[in-house]
There are 4 protein chains.
Amino acid sequence: MTKVGIINVTGYAGAELARLLYLHPEAQVVSVTGRSAAGKALSQVFPHLWPLDLTVTEELSDVDFAFSALPHAASAEAVAPLVRQGLPVVDISADFRLADAAEYQRWYGVEHPAPELLSQAVYGLPELHRAAVREARLVANPGCYPTGALLALAPAARAGIIQPDVVIDAKSGVSGAGRTLGLVYHYAEANESVSAYALDGHRHLPEIVQELARLWPGSPLRVTFQPHLVPMTRGILTTCYTPLADGGLPAGEGAKAAVRELYEDAYRGEPFVRVVPEPPQTKHTWGNNLCLVYPTVDVRAGRLVVVSCIDNLVKGAAGQAIQNMNLMLGFPEAAGLDQLAVYP
Amino acid sequence: MTKVGIINVTGYAGAELARLLYLHPEAQVVSVTGRSAAGKALSQVFPHLWPLDLTVTEELSDVDFAFSALPHAASAEAVAPLVRQGLPVVDISADFRLADAAEYQRWYGVEHPAPELLSQAVYGLPELHRAAVREARLVANPGCYPTGALLALAPAARAGIIQPDVVIDAKSGVSGAGRTLGLVYHYAEANESVSAYALDGHRHLPEIVQELARLWPGSPLRVTFQPHLVPMTRGILTTCYTPLADGGLPAGEGAKAAVRELYEDAYRGEPFVRVVPEPPQTKHTWGNNLCLVYPTVDVRAGRLVVVSCIDNLVKGAAGQAIQNMNLMLGFPEAAGLDQLAVYP
Amino acid sequence: MTKVGIINVTGYAGAELARLLYLHPEAQVVSVTGRSAAGKALSQVFPHLWPLDLTVTEELSDVDFAFSALPHAASAEAVAPLVRQGLPVVDISADFRLADAAEYQRWYGVEHPAPELLSQAVYGLPELHRAAVREARLVANPGCYPTGALLALAPAARAGIIQPDVVIDAKSGVSGAGRTLGLVYHYAEANESVSAYALDGHRHLPEIVQELARLWPGSPLRVTFQPHLVPMTRGILTTCYTPLADGGLPAGEGAKAAVRELYEDAYRGEPFVRVVPEPPQTKHTWGNNLCLVYPTVDVRAGRLVVVSCIDNLVKGAAGQAIQNMNLMLGFPEAAGLDQLAVYP
Amino acid sequence: MTKVGIINVTGYAGAELARLLYLHPEAQVVSVTGRSAAGKALSQVFPHLWPLDLTVTEELSDVDFAFSALPHAASAEAVAPLVRQGLPVVDISADFRLADAAEYQRWYGVEHPAPELLSQAVYGLPELHRAAVREARLVANPGCYPTGALLALAPAARAGIIQPDVVIDAKSGVSGAGRTLGLVYHYAEANESVSAYALDGHRHLPEIVQELARLWPGSPLRVTFQPHLVPMTRGILTTCYTPLADGGLPAGEGAKAAVRELYEDAYRGEPFVRVVPEPPQTKHTWGNNLCLVYPTVDVRAGRLVVVSCIDNLVKGAAGQAIQNMNLMLGFPEAAGLDQLAVYP
């Protein structure tokens, strides 16, 4: 068994890593850290992790592989020495997602703590960068919103059937904001309410733009990404709207079948993307690593509309991180990720 | 006191009419109908309406004003004879919203039951058609989605600052689907889940298009309207995205203040529309007749983004119906509609 | 109009006072305090209170009546000088509920800040102490749990049909815990979960015991009160279980009708207690001041079972406070409290 | 692999069986039935079960083991011929839980369809009847409420530390009511509301009484069982209250540690019962087969208070059914049941 460590196990992504790895056939969590909870039993912090006999410590020890679930900046600081020692790492924070350190500083407001590592970091969306992930020692796990948005848009962008003018309207459950307290996430305030936030620009926008630009080289991209908070614990539903490019698809109703076929071809064989025949619910992914994608065309308006669903803590965080680890270590890509969604 | 009747009080819009009218200073509900519940006390059907001492009957009797909360087609059939007798009516169904009977038939799949009344029906969005509502005998109460979308878009459309290329992404609570049972609205299935629906076209689309076209004569409109179901009881949050027209607004960040000022001017003095300084939550309208509007600009993408919130059962149905009644009967427009939102 | 002040308007009870008083025909809020928000507009803190043109200040000024919605201890300190100046006050905190200062210290862990006022304070459950409330200058507004429990038990206790051996199992929405942040009330943790808390004794227990003892003088009371947190914003449902006293009710099924009649007699004419014919839902009281009571008998086990529902922020806090103010100032008892519950 | 069939896979218990068995190392679902959905792919009915390549049929075929998730009466009719043919069966319905056919008829209102099988049926609560389950060919899977209540009470009842006078107050999520539509389970009505139901007696009461009587022979039992509906999808929290028997426990605070030790001893080695050090949340069991038990004493009132949590669809239905199958077929008891709870 590969010995795995989780840095900052006390947030939701960290806890979810521990939950999923408990059933992993080739990896075992042997060390977990967390500043505020250091010295406590993990099962005291998270009773649902009761069979994991681990004590939260300040530093990792004796691991062959590390996940970092720290906040940005802190994560790069913690991860950089490990990477330099040659430890393979998946970083769930935003620190190694943007290739450009200046762009990082613009959006995160701090100087990048380890810019020299950016060139070796791979953006860990396996459906776009599988080969590179396999070779990587440092993988930047994508943000939850970019995961949903990019999987919804990639086949159309690659195929050139849409104009580079994209509206991404995302609806996220509250766990996406993490375990840190805030009035906005206080039950009585968040419950029975929907709101839009980050109307001046969300930090996941540059990540989406960077990856769309790779798919769509040369195009001047016009991307609006608008996140919303909805009263549920887990899940992101992303609805993407893009005008069709001229001549890319058959006219009229035939466009729907054509775009569907395009997506099915693009994702054939993918273990964690399913092109579904009916509009999906986020709940169909509760607790599991799938991304469900439903592409269609608004024929009246000449617009591609794609809906995707993920569990923000799994395919949007911990599950995808394990998928990346599996690729990096040569395990079967789906190892440890075969639990079905819990429904209803 | 004006004697008011409610046709089909047994759905949510009907019950909400009864709740709000209980405190109306100039009107009193004296007759309520409902086929399945005929003969029952209203308080048996809806215990929260306990002080209304009314029995559900099959037909209205002795009223000076009628609301119909029947489903489409049935509503026009019930309402037509009343209108012909000269009774002023607000119809909450879709039957008199579309001016064109052919368009009605296309979307609702039935021949219009009273096409000869269409020309006298007024689309009852007071913020757009107040003068006409005052003169009307038959008011078609707008759909819940069109209310949120049109109030979000009208000032920009009128001012010509946007291109006629609109994406409307709406998120509705479950009560919007009414009291009729369905697996999609079964608690265990709807809870903790978001989904998109009606991807082939929702019946509120032609209504939105009709009214936008009135605001924007001559433009070839390209409108995508996509509704979503979110796990809450009440509320619609609508996010609208439209490319800016050239030269309509100052460049750069100044566009935000300019669009805000435009909206504040447009809605100055409106009793039920507030242009709010922070992105609103649907919960800020729970149980009351406000529409909250937050306009801004995505400066990077050159796009207007407007968020609006309403309670779908109040400004999106019963409250707006009472606002229309107030106008038709010469009462103060806000009579009976002064309860604040229940928060949290 | 009587000029009213609210001390600590920034919590949920304070905000609810402001909401309800907005429609009060004889009283007007003219001054509101709140330490952390001092200097802000009230509508900035609570957007749903937008039409109240008030600035949050540090001290009340120029009021004829005051409500305190401060936490315990702080409340007595703030209220004592006002009472000494002769201002009539309703204190929503626990400070003046327990007649015995030692008992107060035992449960709240602090010395009582104004024990000399305890003798003049009246426990403001109008259904039990209406005459005294009318004469009082200082009313201690009951806790939310005691309100639900006492209204469920009082008629049976008074009538002597039960043994003084009571289990009170209460289920509360999350707003009962207030606006202070905590992991237990974080949306992702509180949602989709029920838990029992305060298993070593909740501070509302001595209040329940004190009032039951007044109803049941001489009996050695054996009371277990167990609160639970349920995933909803508002509402308390209380289920009370008590063995029947011998000979108090007819044997067999007849006991059900007899206990029902007893309760109907006890609450006849009460404006805010309804003995309902079917088991109620908390939602039937959402936003309004009713307590719904459903008494029955478990004939097999010889036990009285009474279910009550209230909105914890209305009849359990702000609404009852206004009811008390109405009595103290000679207004109609229901003034300002006639809004129906918002359902669904 | 043992070939397993699920009769009536289209309800929640059936779907949950399919979900959990997907990861079972020794059993494979090969045949699933469901009248209304016959002919459809299982993944069409339940998209989260997408990798199970099964078609819903009218009859089971070629199985070594069967689960029935039919409603009562229908289940006995379907199961009886299978049992007679010698197929081992776990019946999730109520049909074989009550040993006495007359008692069955009294509570379920129909004559028992196969009374001659009652004597061979074993009540499948492994923690009480493990040895018998191992030998059984027909196991009656316990109801969800009895599972939570009996595991909470069994150690105390066996040890004789309580009086046979029990109040069981249970709070269940809405999935317990199944997939059949009803206004009570309509999202808009069930959400944000708690209610008590079945105040004249719930069908799970005789089952609880039967099993308590087995633990407590000779005592005249006085049991009140009161279920409540709470707005969440999964989970049952059960709070049990019982007066302490004289001399059973040390006096004063020492009683708490003593009762805790008693429970820890009773459940030592049980794979699916955990005596937890802090009051549990239902969410700690979301999707998994644990029952969490927290015993304590209300020292003031001299009452045992025990709180238990289960997922009603897992330990309360499908998970326990698989645990029973494992015992019947000689598999490790926890086979296929090792997924941790999904939290938050």
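The values are calculated or read from the model by the stated rules, or taken from the named source; none is laboratory data. Predicted model only: the values in this text are computed from it and were never measured. Here the Cβ is made from the backbone with ideal geometry for all residues, glycine too, and neighbour counts use every protein chain on show.
Each residue in segment A:14-40 was checked for being acidic (Asp, Glu) and more than 14 Å from chain D (Cβ to nearest Cβ), and 1 of them qualify. If you go through segment A:151-171 and keep only what is assigned to a helix (DSSP H, G or I), farther than 30 Å from A:Phe46 by Cβ and hydrophobic (A, V, I, L, M, F, W, C), you end up with A:Ala152, A:Leu153, A:Ala154, A:Ala156, A:Ala157, A:Ala159. Cβ-Cβ contacts under 6 Å between residues 6 or more apart (or on different chains), taken from a first residue in segment D:47-67 that is within 14 Å of chain A (Cβ to nearest Cβ) to a second residue that is part of a loop (DSSP other than H, G, I, E, B) and of a type in the set (Ser, Thr, Tyr), are listed as D:His48/A:Tyr343. Restricting attention to segment D:117-154, the residues that are hydroxyl-bearing (Ser, Thr, Tyr) and surrounded by fewer than 22 Cβ atoms within 10 Å (Cβ to Cβ) total 1. Every listed requirement among (1) small (Gly, Ala, Ser); (2) in contact (Cβ under 8 Å) with a residue 40 or more places away in the chain; (3) outside any helix (DSSP H, G or I) is met by A:Gly269 save one, (2).
Out of the residues in segment C:214-235 that are among the hydrophobic types (A, V, I, L, M, F, W, C), within 28 Å of D:Ser193 (Cβ to Cβ) and outside any loop (DSSP other than H, G, I, E, B), which is nearest to the other protein chains (Cβ to nearest Cβ)? This residue is C:Val223.
Can you name every residue in segment A:262-283 that is within 11 Å of another protein chain (Cβ to nearest Cβ) and within 19 Å of the chain's Cα centre (by Cα)?
Hits for segment A:262-283 are A:Pro271, A:Arg274, A:Pro280, A:Gln281, A:Thr282, A:Lys283.
Selection within segment C:155-166: residues that are more than 9 Å from chain D (Cβ to nearest Cβ) and either under 15 Å from C:Phe225 (Cβ atoms) or charged (D, E, K, R) (or both). The member of this set that is surrounded by the most Cβ atoms within 10 Å (Cβ to Cβ) is C:Ala157. Would you check if A:Asp169 is facing another protein chain (nearest Cβ under 9 Å), surrounded by fewer than 17 Cβ atoms within 10 Å (Cβ to Cβ) and of a type outside the set (A, V, I, L, M)? For A:Asp169, the condition - facing another protein chain (nearest Cβ under 9 Å), surrounded by fewer than 17 Cβ atoms within 10 Å (Cβ to Cβ) and of a type outside the set (A, V, I, L, M) - is not met.
Is it the case that C:Pro51 is closer than 26 Å to B:Thr282 by Cα and surrounded by fewer than 15 Cβ atoms within 10 Å (Cβ to Cβ)? In short, yes.
Of C:Gly176, C:Gly148, C:Gly143, C:Gly124, all but one fail to be touching a Pro at 6+ places or on another chain (Cβ under 9 Å) and under 18 Å from C:Cys309 (Cβ atoms); the exception is C:Gly176.
Kindly indicate whether B:Glu211 is modelled with pLDDT of 95 or more, facing another protein chain (nearest Cβ under 7 Å) and buried (at least 16 other Cβ atoms within 10 Å of the Cβ). Considered against the rule, which asks whether it is modelled with pLDDT of 95 or more, facing another protein chain (nearest Cβ under 7 Å) and buried (at least 16 other Cβ atoms within 10 Å of the Cβ), B:Glu211 comes out as no.
It is to be established whether one or more residues within segment B:323-341 are within 14 Å of chain A (Cβ to nearest Cβ), surrounded by 23 or more Cβ atoms within 10 Å (Cβ to Cβ) and more than 16 Å from the chain's Cα centre (by Cα).
yes
When B:Ser175 is tested against (1) surrounded by fewer than 24 Cβ atoms within 10 Å (Cβ to Cβ); (2) under 28 Å from B:Asp95 (Cβ atoms), exactly one condition is not met: (1). Return yes when A:Val306 is assigned to a strand (DSSP E or B), within 16 Å of the chain's Cα centre (by Cα) and either under 25 Å from A:Tyr241 (Cβ atoms) or touching a residue at least 40 places away in the same chain (Cβ under 8 Å) (or both) and no when it is not. Judged against the criteria, A:Val306 is not a match.
For segment B:211-252, the tally of residues that are farther than 29 Å from B:Ala99 by Cα and free of Cβ contacts under 8 Å to residues at least 60 places away in the same chain stands at 8. Quick check on segment C:55-72. Is at least one of its residues more than 24 Å from C:Gly176 (Cα to Cα) and in contact with a Lys or Arg (Cβ under 6 Å, 6 or more places away or on another chain)? So far as segment C:55-72 goes, yes, one or more of its residues are more than 24 Å from C:Gly176 (Cα to Cα) and in contact with a Lys or Arg (Cβ under 6 Å, 6 or more places away or on another chain). When residues in segment B:172-190 are screened for being under 20 Å from B:His202 (Cβ atoms), small (Gly, Ala, Ser) and either within 12 Å of chain A (Cβ to nearest Cβ) or outside any loop (DSSP other than H, G, I, E, B) (or both), 6 of them pass. Is segment A:37-57 home to any residue that is closer than 28 Å to A:Ala132 by Cβ and touching a Leu at 6+ places or on another chain (Cβ under 9 Å)? No, segment A:37-57 contains no residue that is closer than 28 Å to A:Ala132 by Cβ and touching a Leu at 6+ places or on another chain (Cβ under 9 Å). Every condition in (1) crowded, with 24+ Cβ neighbours inside 10 Å; (2) in contact with a His (Cβ under 6 Å, 6 or more places away or on another chain) holds for B:Ala318 except the one numbered (2). Checked against (1) buried (at least 18 other Cβ atoms within 10 Å of the Cβ); (2) farther than 29 Å from D:Glu192 by Cβ; (3) within 14 Å of chain C (Cβ to nearest Cβ); (4) of a type in the set (D, E, K, R), D:Glu253 passes all but a single condition, namely (1). Of note, B:Ile310 does not satisfy the criterion of being within 20 Å of B:Val122 (Cα to Cα) and either touching a helix residue (DSSP H, G or I) at 6+ places or on another chain (Cβ under 8 Å) or modelled with pLDDT under 95 (or both).
Against the definition (in contact (Cβ under 8 Å) with a residue 40 or more places away in the chain, closer than 17 Å to D:His129 by Cβ and more than 8 Å from every other protein chain (Cβ to nearest Cβ)), how does D:Lys315 come out, yes or no? Yes; evaluated as a whole, the condition is true for this residue.
Would you confirm whether any residue within segment B:291-303 is surrounded by 24 or more Cβ atoms within 10 Å (Cβ to Cβ), away from chain A (no Cβ under 14 Å) and modelled with pLDDT of 95 or more? Checked segment B:291-303: at least one residue is surrounded by 24 or more Cβ atoms within 10 Å (Cβ to Cβ), away from chain A (no Cβ under 14 Å) and modelled with pLDDT of 95 or more. With respect to (1) free of Cβ contacts under 8 Å to residues at least 40 places away in the same chain; (2) closer than 30 Å to D:Pro344 by Cα; (3) in a loop (DSSP other than H, G, I, E, B), the lone exception for C:Arg203 is condition (1). In the condition set (1) buried (at least 24 other Cβ atoms within 10 Å of the Cβ); (2) more than 12 Å from every other protein chain (Cβ to nearest Cβ); (3) aromatic (Phe, Trp, Tyr), A:Trp286 is compliant with all but (2).
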